[in-house]
Amino acid sequence: MAPRKVLLAGDVDGKLSALFKRVAAVNKANGPFDLLLCTGAFFAPEGSDANSGEAGDEVLEYITGSKPVPVPTYFIGATGQGADRAMEALEMAHSAGSDSAPQLHYLGCSGLKNLKGLNVAFLDGSSRGQASAEHEGLDQGTTCTAHTQEDVQVILTALQQTTADVDILLTREWPAGIARGTPPGSLPQGCPTSGSETVARLAVEVRPRYHVAGTHGFHYDRPPYLNKDLGAGAHVTRFIALAAVGNPKKLKFLHALGLVPAADMDQASLCAQPPNTTPTPYEDPASRKRTFDEAMAGDADGEQSWRWQQKGGRNQPPPSLGRPGVVKDEECSVYASNLPWRATEQDIETFFAVAGHVVDIRRKCNKDGQLQGFGFVQFDSPEAARRACSLSGRDLQGRPINVLPALEPRSRPSPPPLPQDGKPVEGCWFCLSNPHADVHLVASIGEECYLACDKGPICPEHVLLLPVEHHRSSAAVSPSVYTEMQKYLAALRACFAAQGKQLFTFERFMTFRKSGGNHCQINAVPIEAAAAKGAGETLERMAAKHDFSLESVPGPSSGEGSQEALQSAVGDGEFFCASLPDGSRLVHVIKRGERHPLAFGRDVAATLVGVPDRADWKVCQGTREEEEQRVEHFKQLFAKFDIMQE
Ligand SMILES: [Zn+2]
């Protein structure tokens, strides 16, 4: 698949002519480019007189189409002088009709969009509460001056609905701590090191391939960092910050990328790590473990020390490459991180001496010659190593040191295995043991399965039936899980029948790389008798529109032998399966490389329920309060039929 050609721009500050002049030139020389993404502030700062008159109208000229936009342009940062008027004009231009609509698009407050095959996540606005002085002065009435937790949640929810990794994350602000773990001097001089904690946490969750920000007025191309592995391989993120368009220091404000969408890449190229890759700059327990794994892997080669020698001259202690004659013993060793750069081997030994006799310290340099922030300390006994772990959190030269046993988390699978069925997967919202799980949506819990209200319900009674543990599909669950699922389905059928409705369910199994594989879920909705009658035909007609067909699953559709029947129909592969009110099942096996329409099941269900507009889950999201009310409503309907109250 051919790479998409993408241009990235920093704060436009209302200088559209300057931006588009440069873009047009670049497009002519190296294009055509597929799109231009703008971060930072798109409009001129409030109160700036430079843009009050003609320049303010300049934006309108592009919006009304009297000046051409050279490359389809998408932006966030819809605040500032004249933003309200311009946004109104833009909206009108787009609603007027597709012929006259300008190639200028506001992405929105937050979300995830597919642009020319690329998955683009975006968060407009600054972090409320930590907004910088320049933002505090702004009128809160305009679009997304400050983002809220709900805005962030919109992105996280959208992530669950997409199969491919996010190609680009666009935020106005830099994430807090982004420069952590980079070689000295990598950050531009005078560059503020502060940033948004919200953006940092978002970056950890989104794991974009590129993260682009503006606002700070600097160009910064951070060495790639490695994201946490959620069970299906880890890839790197490249953070790129861009300066403002036409800035007086002539710092870089436009960046060109050739990017093959993650959706079109194979696992190996997606997970390729350039030699200057650093551990993640974001502190969280998972990333610390990752750093540890990295360290263990890096231990095998001693090639990093010469670079330090070569670069030399830096004001840092020499690396500790292991003392002669000491045999490495992991049982007697601890892994120490957050070590100060200036701490010498002697400093570290003194720090750990209270735990026991230190026999060896191993702390290397990274590929850029900088002393690593972590290392291994070996004692003369396993007991001493255990005592050393209790030192975790104590300060060394003003930094709290993290200490972990060296042995325990030593698991660096290579190549990354597919997530195992039954094992909870970090980052999976449906594994009930996961802290991210939306427990408030749960409406009934059985022994091995549970019912949860859908986050974007087609109708109020739209529920999901899921195994408590991580299993990829109902064809792959254990017989006991399958049996309980059947019980739940029978209960749902009875519950809906009491309302004069019938049960329609569908299941889609596709391997979601980004979240460590699919967590089996059966969508269930009640439909009217009239719709139930023609459900099979509706399904086939809608499938035909997408150029695929469905086949009925031979054999029993419930009870004994029904799981085997499904298994022999779908094999190990990905599939879509619908259960009709008459009990029959229609299945489509998704072939390797086939582009299955992700929303197909929702489309069909929404049509059968009679609310085709609600196929789009985005229009179906509600507030937390609405979600809680819906769960209560469903619980009441279901109480009499709940298998757990027999
Ligand atoms: Zn799961």
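The values are calculated or read from the model by the stated rules, or taken from the named source; none is laboratory data. Predicted, not measured: the structure shown is a model, and the values here were computed from it. Using ideal geometry, Cβ is built from the backbone for each residue, glycine included, and neighbour counts are taken over all protein chains shown. Keep in mind that these areas ignore ligands, DNA and RNA; they rest on the heavy atoms of the full protein, side chains included. Shrake-Rupley method; radii C 1.70, N 1.55, O 1.52, S 1.80 Å.
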Worksheet entry | Residue ranges of strands (runs of 3 or more DSSP E) in the range 192-270 with at least 1 members surrounded by fewer than 22 Cβ atoms within 10 Å (Cβ to Cβ) and within 22 Å of the chain's Cα centre (by Cα) | 236-241, 254-259
Discussion item. Being modelled with pLDDT under 85 and more than 16 Å from the ligand (Cβ to nearest atom): is that true of LEU404 here?
Written reply: yes
Discussion item. Looking at (1) touching a residue at least 24 places away in the same chain (Cβ under 8 Å); (2) farther than 25 Å from ALA530 by Cβ; (3) open to solvent by less than 60 Å² (accessible area, probe 1.4 Å), which one does GLN621 not meet, given that it meets all the others?
Written reply: (3)
Worksheet item: Does the range 595-611 include one or more residues that are farther than 30 Å from CYS109 by Cα and surrounded by 19 or more Cβ atoms within 10 Å (Cβ to Cβ)?
Response: yes
Worksheet item: In the range 54-90, what residues are at positive phi and in contact with a Ser or Thr (Cβ under 7 Å, 6 or more places away or on another chain)?
Response: GLY65, GLY77
Item to complete: Name every residue in the range 430-457 that is touching a Leu at 6+ places or on another chain (Cβ under 9 Å) and either under 14 Å from ARG630 (Cα atoms) or surrounded by fewer than 19 Cβ atoms within 10 Å (Cβ to Cβ) (or both), in order of residue number.
Response: HIS436, VAL439, LEU441, VAL442, ALA443, SER444, ILE445, LEU451, ALA452, CYS453, ASP454, LYS455
Discussion item. What's the total number of residues in the range 71-84 that are surrounded by 23 or more Cβ atoms within 10 Å (Cβ to Cβ) and either free of Cβ contacts under 8 Å to residues at least 60 places away in the same chain or not assigned by TED's automatic domain parsing to the domain that holds ALA213 (or both)?
Written reply: 1
Worksheet entry | Set ILE527, ILE522: member being within 22 Å of LYS455 (Cβ to Cβ), within 16 Å of the ligand (Cβ to nearest atom) and touching a strand residue (DSSP E or B) at 6+ places or on another chain (Cβ under 9 Å) | ILE522
Worksheet entry | Subset of the range 361-372 [open to solvent by less than 20 Å² (accessible area, probe 1.4 Å), part of a loop (DSSP other than H, G, I, E, B) and under 19 Å from THR280 (Cβ atoms)] | GLN370
Practice prompt. Kindly check whether there is at least one residue in the range 564-576 that is at pLDDT 90 or above, in contact with an Asp or Glu (Cβ under 6 Å, 6 or more places away or on another chain) and open to solvent by less than 60 Å² (accessible area, probe 1.4 Å).
Written response: no
Practice prompt. Return yes or no: is MET542 within 21 Å of ASP603 (Cβ to Cβ), in the same structural domain as GLY583 (by TED's automatic domain parsing), touching a His at 6+ places or on another chain (Cβ under 7 Å) and not β-branched (Val, Ile, Thr)?
Written response: no
Worksheet item: How about the range 478-519: which of its residues are away from the ligand (no atom under 16 Å from the Cβ) and within 30 Å of the chain's Cα centre (by Cα)?
Response: THR505, PHE506
Discussion item. Please determine whether any residue of the range 565-576 is more than 16 Å from the ligand (Cβ to nearest atom) and at positive phi.
Written reply: yes
Discussion item. For ALA497, only one of the following conditions fails: (1) within 24 Å of LYS640 (Cβ to Cβ); (2) open to solvent by less than 10 Å² (accessible area, probe 1.4 Å). What is its number?
Written reply: (2)
Worksheet item: Of the residues that make up the range 568-575, is at least one over 20 Å from ALA476 (Cβ atoms) and free of Cβ contacts under 8 Å to residues at least 24 places away in the same chain?
Response: no
